[in-house]
Structure formats: C-alpha cells, structure tokens
Amino acid sequence: MEGNEALALSETAPLTPETKTSPPLPPPPPPSSSLKLILFLAPLVLVSVLVSFLVPKDFVQDFRSSLLFRSSSSIVQTRGGARVASAPSPSVDFASVKKEACVNASAPSRSAAPESQDKAGADISDAIGTRKYTKLERLEAGLQMARTAIRAAKRGNQSDLAEDKDYMPAGPMYWHGKAFHRSYLEMEKRLKIYIYGEGEPPVFHDGPIKGILATEGYFINQLEMDTRFVTGDPEKAHLFFLSFSITHLIRYVYVVDSHDWGPMRRTITDYVRVISEKYPYWNRSLGADHFMLACHDWGPEISFSVPNLYNNSIRALCNANTSERFNPSRDVSIPEINLPKGDLKGLTGGPPPSKRDILAFFAGGGDHGPIRPILIKHWENKDRDMEVHQYLPQGVDYYQMLRRAKYCLCPSGYEVASPRIGEALHTGCVPVLLKSGYAAPFGDVLNWEAFSVTVPVEDIPNLKNILTRISTRRYLTLQRRGVQIRRHFVVNFPPERYDMYHMILHSIWLRRLNLRIRDEQQAE
C-alpha cells in the first residue's frame, strides 16, 4: 500500500526539497467585506479625480443645462398673446469650453495612466449625452448661441468680429452698430425659413411688383426664389412663412364696393386651417414662429380673421400704426417703396446740399387721410420756400422736385406709412415725418432722430419756423447720414447684403430671437 501511494504521488507531483520537509500551506482566507468595498471604490475615486483635473468644474452642468435645452421652443402666455420664450443667458462660451474639454481630455497626463484617461473621456461623453436631444432642441440651442454672441457684442466683448468687406454699420444712425452687425452675421449663418406650398397664385406665392405696394410682391417673390435662407425641410426651419398677398387678395377675392370682407376673411381662415391640420408646426407654437407680410393698409384688419395670427404670429406691415393694434415688440414695420416701373433705375441719387434751392416739398392728394388736409390748408401756394401741392403744375417733374428740396414732407395718408420716406432717402432729401402712432421701419436698428425730422401733427401750422430753426450744420449732418443709410431702403435684383430685402429678414429674425438691440433708455 505504501509503495502504491508513493508511486501515485511521484506521477502527479515530483518531490522537491521543500515538499519533503514542509507541510502543505493552507488555502488563503477570503477577503473581508471592507477590503472588497475599497477595491470597488478605488477606480471610481481615481476617475473622479481625473475628471476634476481634465474638465472645467462647471462644464458638464452648464453644457447640459444651458446648451441643450428647450429655450424659445417654449411658448408662454403674455398679455399680448403667446410668445416664444427667451432663454436665460448662458454663463459660459459653450463652443470654447467644449473645445477646451476635448483638448484636455485628449492631452497626456503625467499622473494618469492611458486607460484612466480613456475612462475619463468616456465618463464626460456619458455626462453630456445622457439622452438624445430632438431636432427642435438642437435648433433652439443654435439660436441661444446667437443670442449670446449678440449680447456679447452689445456689451463690447466681441473680439472676433472680423472686417466686413460689404459694410460696417457705425455712427449715431444705429442704436448699436456692433450688436446689429453681429446679429446680421448670425442671421446669415443660421436663419432658415420654410414656405408652405399650399395655395395657388395669384393670391398665394405672388404679389404686386409695381406701384406703391410693390414691397409686398417684391419680398414674396424674392423669398420664393431664395436658396440661402429658405429650406425644404420644415424640421430645420426657425420660421414659417405664410405666403399670401393681401393686395392680391383684395384684387381677386374682394368684390369692389360690396363692403363685404367675408370672402377675404374666410380665405385666410381656411388657409391657416389647412396648414394646421396638415402640419404640426402651427399648433406646436400657436403660430408664434410663423410670419406674414403685407403692405396694403387692410393687412392688419384681415389678420384679425385668425386670432392666433394676430395674437401670436409676427406681422411685417407697412401700415405700422399703433392705434390699429400694431405691436412693436412682436410686429415688424417695413418701408413702403414706390416702384413705378418695377425697379429703382434712375430714381436714386441727387445733387449735394449746396444745389438744393427749395426748403420743403410735398405733392399728393389732399383728401387722403386726416393729416394731408391740414398740410394743404396751411401751406398750399402760401410760401415759395414751401412747395406744397395737391397736384404738381403741368410740366413739373416730381423726382426733380425731390432733388431740389432740402426737406421732403412725408405726411400719413389713410395709413401711417408713406412711400415718400423711401423717395426722400433715395434722392438725398431729409425726410420730415408728419405722423401719429407710427413705428418707423427697422426701428430696432435705426435711430431715426439721427437722419430725419419728426413734427407733431399739431405743429404743422408752424412747420416753416421749425425747419428754418435747424442750423445749417445740423441739416448737413442729417443729409449726410441719410445718404449713409440709404442702402437699407434700396431694392436690388437680385437682393444684396444689407438692402431692404435683407433688412426685412433681419427685423423678422430679431422677433424670432425675442431679443432687443435697442436699450430701454434709448427707446424713451
């Protein structure tokens, strides 16, 4: 037996000196529970330490809470209707912070092993992307970045604003030239508009291209052909355009002298009903990210046909009359430009101030609205310095009179807008606004007091004294500034940067951002 056992042992494990003299060691005891806990927590503590060194302290929290969030996609009810809510300003520059974090996470660390750096980078990614964000949230995040950049420019913290080969807005004609410039560049970088395809021309997707209401048709037609700002994917759109023409609605739907607005109202009501049933975007925002444009003075009244169109949507109107419920904080005032032949060829430019021999000029129907009769009554054929006429004498050219005048009188008609404002700026004449309740075009950006004169209606009898008291130096300053900002009121085919088409787009862009360039104290 002993021999057999020795043979078996020698076949499985040859004897060594140690096995001959030492008994076999007992198995190691199992680790205690506290040791298990320490071994489990050690990698987590190491990762936490690495993350604290590799990433700025507030990066993950700020990036998640301020960048990818539901900002202006949230609709809030206000006294003036539902509005797109503006998000709070982020506390960090997300792009630079994210870049810094990525650089730091990929940089070698003297104290961290490569596998620990990889684990830390994975933890950062997990912390940032805890869920998949919707297209709308990402779109709104981009708008928040635009707001942040504009506010930085307004505070004078814009260090990367490169020279613009086309234009650098500067001077007292602008409420804040740098903020406007940054906002314009952000618009060019980000803005996308979706145009609903519903509706047939000429009421939809078309408009007048000649006459004093041509702004309406010009904008509609140019936007329909735009390939830069218009997108065919509504999921990428910041704004949705309701492409109907109030002027053509009146021309083709309204029965002349019927005084029946029912067919026009039903046309717009049915149009909004169709797009709200076919697409989710109108109901999603209650129309707050939709806009319409109209130059006819019936535009505001017809917009009342759809409550959310008036209460929530952005209305770009020539008839920007606050007494007719124009809301400057939501609506957009646009210029009324007369295009007798469909363009401005031969209608821009004028002689220097030294060649202008008339103090003030106006010609137009005296029975059009409540203000013109007052002007005609006090000044028609009363003073050779004040060329005021209901109708020009035979053989006298209207545009030549504009070029001879120092000041061009711009009284309201039945609507507060007047094509004479654009005509004055086009010909180098200083506009004199004779209006009440008028929100001047592009008022978010332009300081009208710096290049025009405003005279209250009650002061029309004293108009000549008011103009003659303006010093020569002041007049020259007003005239020069008007020439400088003329480009914002020019119609181009195709549109050019900073012209009227792009200024209208920019005004609507500001409403979508729900952001003010003009300070409250400036507005007073």
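The values are calculated or read from the model by the stated rules, or taken from the named source; none is laboratory data. Quick caveat: nothing in here was measured; it's all calculated off a predicted structure. When we count neighbours, we look across all protein chains shown, and the Cβ atoms used for this are built from the backbone with ideal geometry, even at glycine. Calculation scope for accessible area: heavy atoms of the full protein, side chains included, ligands and nucleic acids excluded. Shrake-Rupley method; radii C 1.70, N 1.55, O 1.52, S 1.80 Å.
Quick rundown of the values:
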quantity	calculated
Label point at D499 placed 7 Å out along Cα→Cβ; residues across segment 174-213 whose backbone nitrogen lies under 17 Å	209-211
Probe 1.4 Å - accessible area at Y438, Å² to nearest ten	40 Å²
Long-range HN-HN contacts of H290 with modeled amide H, under 5 Å	F240, I314
Flagged links, alpha-carbon separation over 21 Å, of K341/K406; K178/K345; K165/K192; K382/K406; K178/K435; K135/K178	K341/K406; K178/K345; K165/K192; K178/K435; K135/K178
Contour excess over end-to-end distance, with Cα ends at K132 and R155 and 0.36 nm allotted per residue	4.9 nm
Relative contact order (percent, whole number), segment 335-456, Cα cutoff 8 Å, 6+ residue spacing	29 percent
Net charge over other residues, Cβ less than 15 angstrom from the Cβ of P441 (K, R count +1; D, E count -1)	-1
Per-residue HN-Hα couplings for segment 478-488 [Karplus 6.51, -1.76, 1.60; θ = phi - 60°; Hz; x = Gly/Pro]	4, 5, 5, 5, x, 5, 5, 9, 4, 4, 6
Per-residue ³J(HN,Hα) for segment 378-385, Karplus 6.51 cos²θ - 1.76 cosθ + 1.60, θ = phi - 60°, Hz, x for Gly and Pro	8, 10, 5, 6, 9, 8, 5, 6
Net +/- balance of residues flanking E415 in space, Cβ distance below 9 Å, scoring K and R +1, D and E -1	-3
Total charge dipole magnitude, segment 358-490, about the Cα centre, Cβ charges on Lys, Arg, Asp, Glu only, Debye to nearest 20	560 debye
Semi-axis lengths (Å, descending) of the ellipsoid that matches the C-alpha gyration tensor of segment 358-490	21, 17, 15
Highest to lowest packing among 396-403, 165-172, scored as the average C-beta count within 10 Å	396-403, 165-172
Highest average packing first - 420-427, 327-334, 229-236, Cβ atoms within 10 Å	420-427, 327-334, 229-236
Leading residue at positive end of dipole, segment 183-296 (Cβ point charges), from I209, V253, L185	L185
Charge dipole magnitude, Cβ of K and R +1, D and E -1 - segment 187-281, Cα centre, debye nearest 20	280 debye
Distance (nanometres) between label positions extended 7 Å along Cα→Cβ at I209 and T322	3.8 nm
Nearest-10 value in Å² for the accessible area of D519, using the 1.4 Å probe	40 Å²
Heavy atoms of W298 accessible to a 1.4 Å probe, total area in Å² rounded to 10	70 Å²
Whole-Hz couplings from phi, Karplus 6.51/-1.76/1.60, listed for segment 420-436; x for Gly and Pro	5, 5, x, 4, 4, 5, 5, 9, x, 9, 6, x, 10, 8, 10, 8, 9
